[in-house]
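Written out below as structure tokens is the structure these notes cover.
The values are calculated or read from the model by the stated rules, or taken from the named source; none is laboratory data. Keep in mind that what you see is a predicted model, and the values were worked out from it rather than measured. Heads up, the Cβs are rebuilt from the backbone with ideal geometry, glycines too, and the neighbour counts pull from every protein chain shown.
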Amino acid sequence: MSEPAVQWDVAVIGAGAAGLMAAARAASAGAKTILLEKNRKAGVKILMSGGTRCNLTHDCEPCRIIEAFGPQGKFLHSALAALGPRDVVKLFNELGVATKVEVTGKVFPESDRALDVRDALWRFAERHGVCVQLGTAARGIHHGEPNGFRIPVADGEAVRTRCVIVTTGGRSYPGCGTTGEGYGWLTELGHTIVPTAPALVPLVGGTQWSHELTGLTQPDVMVAFVARPGGAKPLAKRRSSLLWTHFGFSGPAAMDVSRALVEVNSPSKPFLQIDSLPDLPLAQLDPWWDSQRKQGGARHVTTVLHQLVPQRLAAMLVSQAGIEPEQRLSELSHAARRTLNGLLKGLELPIAGTRGFEKAEVTRGGVELKEVDSRTMESRRVPGLFIAGEILDLDGWIGGYNFQSAFSTGHVAGLAAARKSLGSVAS
């Protein structure tokens, strides 16, 4: 009896940012391509990202993207050379999505609609003849089949293909369908999975008084994450905006350093250090107070401090420094001033944990990068198997960096899988 014929050149599992890009690129290179997605609609995470606006990349040079991923970022050199931030913007413009750059460098669709980004990728795949099967859950990946792979699917006939691209994402926002099944499949195929943890996730912690500042946003602070208080070397540091919440801290600054929580190995709780005045050195604060006193010592300390920080925070810091609410600047002792300076430049608040994968934007950990060829995204363990997107051990800052990684790795994987599959046909 003859073996079943191969149905597809390339099968992509997961129709998120990386999967849609990979499928479109594979098909555009001439490969007969199928895209499997267990959800009833594609790009669910795209649709909810950026507050449903979709921050699709960052307006910067590729080296800045690499920096955003820390030591793991060097893996992206080849992928970014093939499809960098400006290439992504150009592609979406060509697909009918006008873009804009905000003051932070974040790139959004001009319409502020994530739907436009998802639909553009869908059209891109459709235009090149990708067969998209929604509501089709893969149940594994079997290698060693004649001419390639067999992918069992729920309630359907198994898909047979020469090459497979796994873009199933990580474990963040499991409501989007990213529940981590891809890790198990790849483990069975011989890959190592770096332990996963929530990243770009709000932090749980603070104190009763800090929770009273719920809803307060500081647009520009320097935040450091330390394993213990009192001048410990920061495990992570980030300058951005900070949101004070009823459970702890959110906003880009807190979420960007959240990945460092898994590095803490201390019996005591880690701490968040907040420098509310990153452009004003500690040594310049005493002269500033002196100048303010000359301008009017009868003013309340809280009123004067409000020139530097939001009113609610000013009042709270004055209270935490042990200063009476109605105390006048002329009555402020040098000791109290030093205490206030310390709170302004190095306020330390305890951190108990994070809000978990349910609220995490990305996953830290994933497929060990040494086991993947960064030039093609092909597995070094299994020929014909390609891996792209968040399932890799890559997680970057907030600001479009993670979507850029997904688009770039998906782009490279799609083209390389097409070359591999069509080459095997020719041979």
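See the values below:
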quantity: Condition met for residue 39 (assigned by TED's automatic domain parsing to the domain that holds residue 394, part of a loop (DSSP other than H, G, I, E, B) and under 16 Å from the mean Cα position of the chain (by Cα)); calculated: no
quantity: Matching entry among 169, 190, 215 (being assigned to a loop (DSSP other than H, G, I, E, B), of a type outside the set (Phe, Trp, Tyr) and either in the same structural domain as residue 346 (by TED's automatic domain parsing) or more than 20 Å from residue 369 (Cα to Cα) (or both)); calculated: 215
quantity: Test result for residue 171, modelled with pLDDT of 95 or more and not β-branched (Val, Ile, Thr); calculated: no
quantity: Residue that is surrounded by fewer than 24 Cβ atoms within 10 Å (Cβ to Cβ) and over 22 Å from residue 292 (Cα atoms), where the choices are 331, 368; calculated: 368
quantity: Members of region 14-33 that are surrounded by fewer than 24 Cβ atoms within 10 Å (Cβ to Cβ) and not in a helix (DSSP H, G or I); calculated: 29, 30, 32
quantity: Condition met for residue 410 (within 19 Å of residue 191 (Cβ to Cβ) and either in the same structural domain as residue 293 (by TED's automatic domain parsing) or in a helix (DSSP H, G or I) (or both)); calculated: yes
quantity: Some residue of region 381-400 being out of contact with any Gly (no Cβ under 9 Å at 6 or more places or on another chain), more than 27 Å from residue 108 (Cβ to Cβ) and outside the structural domain of residue 234 (by TED's automatic domain parsing); calculated: yes
quantity: Strands (runs of 3 or more DSSP E) completely within region 87-148 that count 2 or more residues being crowded, with 19+ Cβ neighbours inside 10 Å; calculated: 106-109
quantity: Subset tally (residues that are over 23 Å from residue 71 (Cα atoms) and crowded, with 20+ Cβ neighbours inside 10 Å) for region 219-242; calculated: 2
quantity: Condition check for residue 319: farther than 30 Å from residue 14 by Cα, assigned by TED's automatic domain parsing to the domain that holds residue 229, among the hydroxyl-bearing types (Ser, Thr, Tyr) and at pLDDT 95 or above; calculated: yes
quantity: Count - residues of region 264-315 that are surrounded by fewer than 11 Cβ atoms within 10 Å (Cβ to Cβ) and either hydrophobic (A, V, I, L, M, F, W, C) or not assigned by TED's automatic domain parsing to the domain that holds residue 345 (or both); calculated: 2
quantity: Positions within region 52-86 being of a type in the set (Phe, Trp, Tyr) and assigned to a helix (DSSP H, G or I), in sequence order; calculated: 75
quantity: Where residue 170 falls short, out of the listed (1) within 23 Å of the chain's Cα centre (by Cα); (2) closer than 18 Å to residue 382 by Cα; calculated: (2)
quantity: Long-range neighbours under 8 Å by Cβ, at least six apart or interchain, first residue touching a residue at least 60 places away in the same chain (Cβ under 8 Å) within region 239-265, second acidic (Asp, Glu) and part of a helix (DSSP H, G or I); calculated: 240/256
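Residue by residue, here is whether (1) under 25 Å from residue 397 (Cβ atoms); (2) modelled with pLDDT under 95; (3) part of a helix (DSSP H, G or I) holds:
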residue	(1), (2), (3)
278	yes, no, no
285	no, no, yes
297	no, yes, no
309	yes, no, no
341	no, no, yes
349	yes, no, no
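Table: residues versus (1) surrounded by fewer than 24 Cβ atoms within 10 Å (Cβ to Cβ); (2) among the polar types (S, T, N, Q); (3) in contact (Cβ under 8 Å) with a residue 12 or more places away in the chain.
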residue: 349; (1), (2), (3): yes, no, yes
residue: 355; (1), (2), (3): yes, no, yes
residue: 372; (1), (2), (3): no, no, yes
residue: 386; (1), (2), (3): no, no, yes
residue: 389; (1), (2), (3): no, no, yes
residue: 405; (1), (2), (3): no, yes, yes
residue: 410; (1), (2), (3): no, no, yes
